[in-house]
Structure formats: C-alpha cells, structure tokens
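Every number in this text was worked out from the coordinates using simple rules, so none of it is lab data. Bear in mind the structure is a predicted one, so any value in this text is a computation, not a measurement. Don't worry about glycine lacking a Cβ; one is built from the backbone with ideal geometry, like all the others, and counts go over all protein chains shown.
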Amino acid sequence: MRRGCGCDRGCDCPRPCPHHTSLSRVQQQKLSLLGLAVHVRRQTPHPGGPVTAQQHTHTHQPGHQHDHSHSQSHDHTHSHSHSHEDIDWEAMADHLEREAEIGLPFLDEAAAWLRGLLRDSVAVTRVLDVGSGPGVATSQLALAFPEAEAVAVDGAPKLLERARARADALGVGDRVTTRKAELPDDLGSLGEADLVWTGHVVHHLGDQQEALREMGRLLRPGGVLAVVESGLNARFLPRDIGMGRPGLLARVEATREDWFVRMRTALPGHKATVEHWPGLLAAAGLTPSGTRSFLTDIPAPVDAPVRAHLHAQLTRMRDVLTDELAADDLTVLDRLLDDDSPEGILNRPDAFYLTATTVHTARRTA
Ligand SMILES: C[S@@+](CC[C@H](N)C(=O)[O-])C[C@H]1O[C@@H](n2cnc3c(N)ncnc32)[C@H](O)[C@@H]1O
C-alpha cells in the first residue's frame with residue numbers, strides 16, 4: 001500500500017525503579033526469535049544509582065495540560081514528494097516498530113492511566129487500535145486490559161502481519177485480531193469498543209474533526225477515545241555539536257513544520273483545523289477526560305537500537321528537506337550519516353533521545 005515511571009504498582013518513585021519493565025525477559029526472547037526488533041531496556045536500579053549507556057530514564061509529568069500546535073513527535077518525512085499518497089508505510093515497518101519500542105514505557109504508562117480512567121465507567125472487553133502500524137500499542141493494550149479483545153486496524157497488510165506476529169510472541173495472540181481498513185471510510189464498520197486508541201494517525205486524515213467524530217461513535221457509553229497527537233519532536237543532539245552552525249536540529253524542525261503543512265494540505269478532503277485537541281474531542285460529541293504528556297528520556301550515550309532509529313530519522317530528514325535546508329546544514333547531516341566516522345550518529349558519544357508524547361482523552365457519556 002502506498003499512503004500517505006508509569007509503574008502500575010502504585011510506586012511514587014520520581015526516577016525509574018525495577019518495576020518499570022515493559023516486556024518480560026521471556027517476551028523479549030520470543031520477539032528476538034521472531035526476528036522482530038527489540039529494544040531491551042535495563043532500568044536505572046534506583047534513585048542515586050549511576051546512569052549507564054544501557055539504562056533508560058523514563059519519567060512523566062502527570063496532570064499537565066499541553067496543547068502544542070502541530071509539532072509531531074513521530075517523523076514521517078520520508079519521501080521527496082509532499083503528497084500524502086507518497087508515504088509508503090510498509091517500507092517504514094522497521095522504523096515504526098523500533099520507534100514504538102523505544103516508547104514502550106510511555107505506552108505502559110499511558111495504558112495504566114487509561115485503566116484508571118475506565119475502571120469505574122465500563123468493563124473493557126474490546127479495544128480498537130486505529131492506525132496500529134506494526135501493533136506495538138495493540139499488544140501493550142491487550143496486556144493492560146486482560147479481559148479485552150484488541151483489534152489492530154490499519155490499511156497496510158504487512159504492518160498487520162507484524163502486529164499479528166508480535167501479539168503471538170507476547171502471548172496475547174488469542175485476544176488480538178487484525179483488520180485491514182481504509183481510513184476514514186471504513187471507520188463506521190469497525191464495531192463498537194470500550195477503548196479506541198489512535199496513535200499518530202489522525203493528522204494523516206484530511207478531515208481530523210470528522211475522523212474524531214467517527215471514532216467517538218464507535219464508543220460504548222462510558223468508553224474512552226485516546227488520541228496521541230502533538231507532543232514534542234525528539235531532540236537527540238546538543239545545540240552545538242562541534243561542526244557546522246549551532247542549532248541544526250532547531251532549523252531542521254522549523255523546516256519540517258513547513259513540510260507538515262504541505263503534507264496536510266495535500267491530503268484528500270483536507271480541512272484546515274485548529275489543533276486544539278480537547279476542543280476537537282468536545283466538538284466530536286465527547287467529554288474530555290484529560291490530557292497527559294509522557295517523557296521519554298534516554299541520556300547519552302544511547303544504545304544501538306536508538307542509534308539505528310536516529311540514523312533512519314536523519315536519513316529521512318536529509319532526503320525530504322534537501323531543497324529547504326542550507327548547504328552547510330546538508331553537509332553536517334552527511335557527516336552525521338557517515339557510519340564509519342566518529343562524528344557520525346552511530347558512533348558519537350553525545351547522542352541522546354528526549355521526546356514527549358501527548359495523549360488526549362475523552363469519554364462518551366451518552
Ligand atoms: C505514523 S504510523 C503510526 C503507527 C502506530 N499507531 C504508532 O503510533 O506507532 C501511521 C499508521 O496509520 C496508517 N494509516 C495512515 N493513513 C491511513 C489511512 N488513510 N487508512 C488506513 N491506515 C492509515 C499507516 O499505515 C500507519 O501504520
């Protein structure tokens with residue numbers, strides 16, 4: 001197809017503790033055997049302990065209301081053309097899966113939050129992951145809601161195959177199904193659910209307001225729609241990296257904002273939308289039930305899977321923004337993409353990974 005520390009054990013630890021393990025060792029081994037990319041996180045032992053290259057600090061800022069404009073923490077700029085139709089999601093399978101795996105602690109934290117939101121209103125027996133991609137969230141939601149069937153919904157069959165394999169490897173295959181669907185046209189046929197999760201998908205649909213309305217209609221009374229949008233783009237290099245003009249990533253980000261506008265404008269049925277997500281959810285007939293942002297904070301030096309992700313991200317930036325970036329910035333990007341160089345992103349000691357992912361929720365009350 002071509003197209004466009006959440007510990008659920010009540011721990012108040014301000015820094016990661018041994019509870020914060022997204023996948024068990026057995027689950028990780030099963031995924032490895034399947035050849036699926038696995039980012040094995042060893043958590044910081046406890047406050048005060050030293051931070052090493054393999055450790056992953058993951059904190060969050062509960063209760064904060066964020067309404068950033070259209071900055072996207074997922075980078076989908078990967079084609080020179082600016083048309084939505086040019087996004088080859090299946091070609092991005094490795095990237096999507098690795099990026100979602102880096103965010104596994106976020107997914108678990110968000111799922112724990114949603115469990116709390118839903119606990120008193122509805123027994124969760126069906127979860128839809130709309131635009132699931134390789135189904136990393138689908139499986140985590142199936143793990144978080146053990147009484148529920150979880151459906152990975154996507155237009156890309158190869159990504160749904162990954163979602164299926166992942167669910168089997170994680171031992172939730174009996175409760176995870178996949179459904180090929182074109183959005184927004186097929187939304188009405190997905191069947192009702194107690195939780196609809198949609199991660200980094202709505203901004204790829206021309207009429208975001210109508211898509212939210214359709215998703216809201218799928219909810220049973222008391223059910224919750226969780227929309228992952230906005231947040232903060234990942235930062236992964238210092239302002240001054242010892243080559244070129246300081247501030248490379250800020251300039252790249254500004255250029256990407258323009259790309260994002262062009263990408264959206266080219267979508268079928270595009271409608272300009274003020275990205276006030278709680279407002280959009282209210283206009284969709286739902287009752288906003290909170291917005292939270294989750295920090296993924298992996299200090300330098302990062303491990304190999306994170307470096308691979310950053311390499312892929314820089315490669316896409318280089319490809320897509322060739323016409324927009326200044327020549328000296330393109331030269332620096334080339335140096336960062338030199339795999340054999342100590343300056344390259346695969347080798348340099350100062351690479352880190354810091355991003356915030358925002359989840360907007362709303363409930364169907366009637
Ligand atoms: C950025 S990825 C997000 C994947 C996953 N939700 C995550 O957060 O990692 C967007 C996903 O939406 C799917 N998608 C985008 N537009 C679609 C459409 N119009 N119909 C069906 N699927 C679509 C793509 O195939 C892709 O898997």
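Of all residues in segment 264-279, those that are surrounded by 14 or more Cβ atoms within 10 Å (Cβ to Cβ) have Cβ atoms under 8 Å from Cβ atoms of residues that are among the aliphatic types (A, V, I, L, M), 6 or more apart or on another chain, in Leu267/Leu205; Thr273/Leu280; Trp277/Val227; Pro278/Ala362.
For (1) among the basic types (Lys, Arg); (2) more than 21 Å from the chain's Cα centre (by Cα), each residue gets a yes or a no:
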{"position": "Arg220", "(1), (2)": "yes, yes"}
{"position": "Ala226", "(1), (2)": "no, no"}
{"position": "Phe236", "(1), (2)": "no, no"}
{"position": "Ala250", "(1), (2)": "no, no"}
{"position": "Glu275", "(1), (2)": "no, no"}
{"position": "Ser289", "(1), (2)": "no, no"}
{"position": "Arg292", "(1), (2)": "yes, no"}
{"position": "Arg307", "(1), (2)": "yes, no"}
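For Asp194, are the conditions met, namely being of a type in the set (D, E, K, R), buried (at least 22 other Cβ atoms within 10 Å of the Cβ), over 22 Å from Arg264 (Cβ atoms) and away from the ligand (no atom under 12 Å from the Cβ)? So Asp194 fits the description; yes. If you scan segment 161-189, which residues turn out to be in contact with a strand residue (DSSP E or B) (Cβ under 6 Å, 6 or more places away or on another chain) and more than 9 Å from the ligand (Cβ to nearest atom)? Listed by number, the residues that qualify are Ala163, Arg164, Ala167, Arg175, Val176, Thr177, Thr178, Arg179.
Among the criteria (1) more than 30 Å from Ala351 (Cβ to Cβ); (2) away from the ligand (no atom under 12 Å from the Cβ); (3) in a helix (DSSP H, G or I); (4) not acidic (Asp, Glu), the one Leu249 does not fulfil is (1). Of the candidates Gly223, Gly242, the single residue that is under 30 Å from Thr125 (Cβ atoms) and more than 16 Å from the ligand (Cβ to nearest atom) is Gly223.
Which residue pairs have Cβ atoms under 6 Å apart, sit 6 or more places apart or on different chains, and have a first residue in segment 160-175 that is closer than 20 Å to Gly131 by Cβ and a second that is surrounded by 23 or more Cβ atoms within 10 Å (Cβ to Cβ) and β-branched (Val, Ile, Thr)? Going by the 6 Å Cβ cut-off, the qualifying pairs are Ala163/Thr138; Ala167/Val176.
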